[in-house]
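The values are calculated or read from the model by the stated rules, or taken from the named source; none is laboratory data. All values derive from a computational prediction rather than experimental measurement. Note that each Cβ is placed from the backbone with ideal geometry, even for glycine, and that neighbours are counted across all protein chains shown. When the accessible area is computed, the model is the full protein with side chains, heavy atoms only, and any ligands, DNA or RNA have been set aside. Shrake-Rupley method; radii C 1.70, N 1.55, O 1.52, S 1.80 Å.
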Amino acid sequence: MLALALWAGTANAQTTLEVGANSTQDLYYVVPTAAQIAAANGGLTGTAALEPQLSCTINIVLPAAPGTADAVTYAAVDNKPSWLATTPIASPGSIDVSNDPVALTFTVSVPDANLLLPYNYYFHFTVSDSAGSLPLAIALHVLPSVFNVTPPAVLTEVTPGTTDTASVSMSLTPGVTAVTYGSSPVYFTLDTHTVPLWILNSSISVSGVPGFSSGTGVASSNNTTAPSVALVLDPTVVATLNTGTTTQSIGFIITDSSGNPNPTNLFGVSEVYVPISVYKANTVPTLALVEGINGQTISHNWSTLPIPVPVVTPFSSNESIPFSISCAITAAGGPSAVDLSNTGKSCTPSAASGLATTLGTPVYFPTLDATLFTNAKLGNFVEVTITVTPTVVGGVNTPIVINYKYTLTPIPAVVTTASPSSVAPLASSTESMVIVLKGTGFVGPGDVTTAISSTKVFFGTIPAPSTNYVVVNSTTLEVTVPGSYLFIPAGSTTSTLALGVANQSGNNAPSAPTSTYNVSITNGPVVYGVFSTATYLQPAVGSNPVVAPYELISIFGANFVPVVPGQTSTGINATLNSYNKVPTSLTISGSGTNAATLTVTFATGTGKTAANVLAPILFANATQINAIVPSGLAVGATATVTVNSAGAPSDGTFAVTLVTAAPGIFTMASDGVGQGAIEQIHTSGNTVTTSVNGSKHGASVYAASGGDTLVIYLTGLGTPDSIAADAATNKSTLYPGACIAISGAKATPGYLQVVNTTTKSPVYTAPSPVWANIDGAVLQSSMILGGLPPCMQSQVTVTIGTGASLVALTDAVSYAGFVSGSVAGLYQINVTLPSPLPTGWATTTQQIQVSIGNTASTTFTSPVSTALVQF
């Protein structure tokens, strides 16, 4: 079927034109079957001979007094289709509407044979007068049905829990007037199978259509009938529908007077359908709070900053709800209650209003802070009232009130560990020892109100002066203990000091500790700290030092080496064994079977994963041990460092964290500060000069210049990852490809395999037992048959300068690895300076830093600790 529908668009605000109310909205046309076309046209297959000239008339109205002259022009916005004509004018043209209304007729001629069936086609036109234009849209509907139901179908609005009734009116237009229906009436019968579940079947009645009541059908000469169908909704089923519009069609079966379907004069059409819709409205939304219900009080105990800032989160049961919110400090009470009326304190919300969604819209009150409790005592409370008022259209807008009550309560201080946990007795009361306490609930001066004291520290039962301790944070206390508390009574070999802590729990400062930790005072070895021998950098208070495999470290403490007659105060240096390896034990007194030894153990893991590895020891005296971090420890693990002196172990609680690399540049002063331990290689013509980089330039010491090579000595680069074979066939001298592996396979032996193999020339006997690692090994060039010592293939970067003069040199690094002839753990980096030197470097001292991967050597602003290079 072809249908031509014309409706008015939204008129321009300036035009005086209107579309007449009596204009035809829909027009229907029957497309006959191929068999009927053939019968009517002597076998012709085309449709042109059967298609009539159907028209749609629109009344154009000029709202003015009759006789007012004005012209209306009509033009197609889109190209006018071939099947559409207009009367009384052709497009474009004009119409005199002085005697309005004037009818403008759109006529369907012969549709394009290529039009799809069914389909909709839309075209746009404008009708204009002197005041403006009126847009019109014309739709050509290609439909395969004899009968069609004219919209609109009724939308039934449902109130939840009730039964609503509505009616649907239909306009039924029979088909092509050029083909006769005959004299038989047309009958309509409801198809009950098409009735949706949300309609009560028993309540359906159809009136105004013969065939439902009088038994008289619709005659073929009728163009229109208007049956009325009464619908009653089933609220039980409607309650299960989704919110919004649900549409379904009811079918009406077409029969002849005998009740036979598909009357021959209706081209086989047996049923027409009426679309009906039900609209289920949302229930009225309600506002609620995530935090609680109306009138609820939410209590908080408060001791330290920050105060628990209240938050309320209004949310809607369905549709979004606007709301407003307010806050007031309503009460303050308890012992010695605080009057807040004149304090000027407020609890202003982060937003005075908002839109509550189903997900919730949080509102905060950032102006609340601990000063609400200024001068308050423990047990005082502050109440805050927050009121949220919704704005629901058609709903109940009852304010929701939530109370927050903050009570000032104590928090206990608990100490769990001390570092060091063992100390040596101090010789004088004027000396002191810094001990770091770890625990929970430590309160500092900045964490409390003016009326609540911070955490107190006790030496035994005696309160420590406030100048002797610092609260670093809630888990760390740094305590300076005078020597008068660190002693061993006469006749005893050990003693303890109970370091106690306490927080205020009443209205007065604490008078006794509530938690203690016993620090051991001993004449045995104790470890106070582990540092890089290059930088001596201290970790943050309460943090473990970090160490890398092969790193040269200095362990500081007490009672490492016993004082024996004839022992020099300079300490004891290790003696290499016959295989040029630093021993893992150091004889500190006696000899032979009476020898007393010193060892350093790194212990990781527990149970089956436990590992205890001895460290090579380079030097020791009573308070310092220089050692090498063993290479066999798992990176990322925590290791405890234990010093065993003459059979007496330290307490084994000092911990370090094992990392991949911790670069540290040696300094000329051997204290981690100032000029770096750096050589420079200067070439002038055919003369190559090697000198120590420094600020004093003489005849044989050149200022570093562009193209010079700097040789930087450092430790902590980690395990070399070179892979070349240590074999006579390795004749390469290029870095890093020529760097041999520490250990390898038989086909590509590394340094370890060469050492463990007896060779004939030069005469050499492999160690027994064979080496399992090169920890403590002094790398002998005679053992390297070819190539370079083990080195770093991973990216090494040298950074020089600060600020605008900072330059990172990566491609300029020509070597980074172990130093041949030195112990495994001493590294060198060769880097070529850019030429010319960057602006700002000339004749100045610059910071120098080394990094491997993302790990940088630590540099500081002088004079704390920095490595420097002179230009």
Show the residue pairs that are 6+ apart or on different chains and have beta-carbon atoms under 8 Å apart, the first residue being within segment 742-759 and of a type in the set (K, R), the second being assigned to a helix (DSSP H, G or I). K746/Q753
Does segment 716-735 hold any residues that are within 44 Å of the chain's Cα centre (by Cα) and more than 16 Å from S820 (Cβ to Cβ), and which are they? G716, G718, T719, D721, I723
Quick check on D726: is it under 30 Å from Q780 (Cα atoms), touching a His at 6+ places or on another chain (Cβ under 9 Å) and among the charged types (D, E, K, R)? no
Residue check, T653 surrounded by fewer than 22 Cβ atoms within 10 Å (Cβ to Cβ), hydroxyl-bearing (S, T, Y) and within 17 Å of F602 (Cα to Cα): yes
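Conditions tested, residue by residue: (1) assigned to a strand (DSSP E or B); (2) surrounded by fewer than 21 Cβ atoms within 10 Å (Cβ to Cβ).
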site	(1), (2)
T797	yes, yes
G817	yes, no
G825	no, no
P838	no, yes
W841	no, no
Selection within segment 284-318 - farther than 17 Å from I400 by Cα, buried (at least 17 other Cβ atoms within 10 Å of the Cβ) and not β-branched (V, I, T): W302, S303
Name the single residue, out of those in segment 772-783 being of a type outside the set (A, V, I, L, M, F, W, C) and not in a loop (DSSP other than H, G, I, E, B), that is modelled with the highest pLDDT. S781
In this structure, does G259 turn out to be modelled with pLDDT under 65, farther than 30 Å from P314 by Cβ and either surrounded by 15 or more Cβ atoms within 10 Å (Cβ to Cβ) or not charged (D, E, K, R) (or both)? yes
Matching residues, segment 486-511, being open to solvent by 50 Å² or more (accessible area, probe 1.4 Å) and over 46 Å from the mean Cα position of the chain (by Cα): F487, P489, A490, G491, S492, T493, T494, T496, S511
Residue selected from segment 512-551 under the condition aliphatic (A, V, I, L, M) and open to solvent by less than 20 Å² (accessible area, probe 1.4 Å), by the criterion farthest from L618 (Cα to Cα): V519
Among strands (runs of 3 or more DSSP E) lying entirely in segment 452-543, which contain 1 or more residues that are under 17 Å from S432 (Cα atoms) and touching a residue at least 40 places away in the same chain (Cβ under 8 Å)? 456-459, 476-482, 494-502, 515-522, 526-532
Tell me yes or no: at least one residue of segment 714-727 is out of contact with any helix residue (DSSP H, G or I) (no Cβ under 9 Å at 6 or more places or on another chain) and exposed (fewer than 15 other Cβ atoms within 10 Å of the Cβ). no
Complete set of residues in segment 416-440 that are of a type in the set (A, V, I, L, M, F, W, C), open to solvent by 60 Å² or more (accessible area, probe 1.4 Å) and in a loop (DSSP other than H, G, I, E, B): A427
For segment 370-415, which positions are part of a strand (DSSP E or B), farther than 21 Å from D447 by Cα and polar (S, T, N, Q)? T385, T387, T389, N403
Mind telling me which of the residues T587, T601, T609, T597 ends up being out of contact with any Ser or Thr (no Cβ under 7 Å at 6 or more places or on another chain) and more than 30 Å from I784 (Cβ to Cβ)? T609
Counted residues in segment 685-735 being hydroxyl-bearing (S, T, Y) and modelled with pLDDT under 90 come to 11
Filter segment 843-871 down to the residues that are under 41 Å from the mean Cα position of the chain (by Cα), at pLDDT below 90, open to solvent by less than 50 Å² (accessible area, probe 1.4 Å) and of a type in the set (V, I, T) and list them by number. I852, T855, T859, T866
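Conditions (1) farther than 24 Å from P663 by Cα; (2) modelled with pLDDT of 90 or more; (3) open to solvent by 70 Å² or more (accessible area, probe 1.4 Å); (4) among the aromatic types (F, W, Y), marked per residue:
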site: G737; (1), (2), (3), (4): no, no, no, no
site: V770; (1), (2), (3), (4): yes, yes, yes, no
site: L785; (1), (2), (3), (4): yes, no, yes, no
site: L788; (1), (2), (3), (4): no, yes, no, no
site: C791; (1), (2), (3), (4): no, yes, no, no
site: S805; (1), (2), (3), (4): no, no, no, no
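Here is a yes/no grid of residues against (1) more than 54 Å from the chain's Cα centre (by Cα); (2) modelled with pLDDT of 90 or more; (3) of a type in the set (S, T, N, Q):
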position: P562; (1), (2), (3): yes, no, no
position: P565; (1), (2), (3): yes, no, no
position: T584; (1), (2), (3): no, yes, yes
position: I588; (1), (2), (3): yes, yes, no
position: T593; (1), (2), (3): yes, no, yes
position: A646; (1), (2), (3): yes, yes, no
position: A669; (1), (2), (3): no, no, no
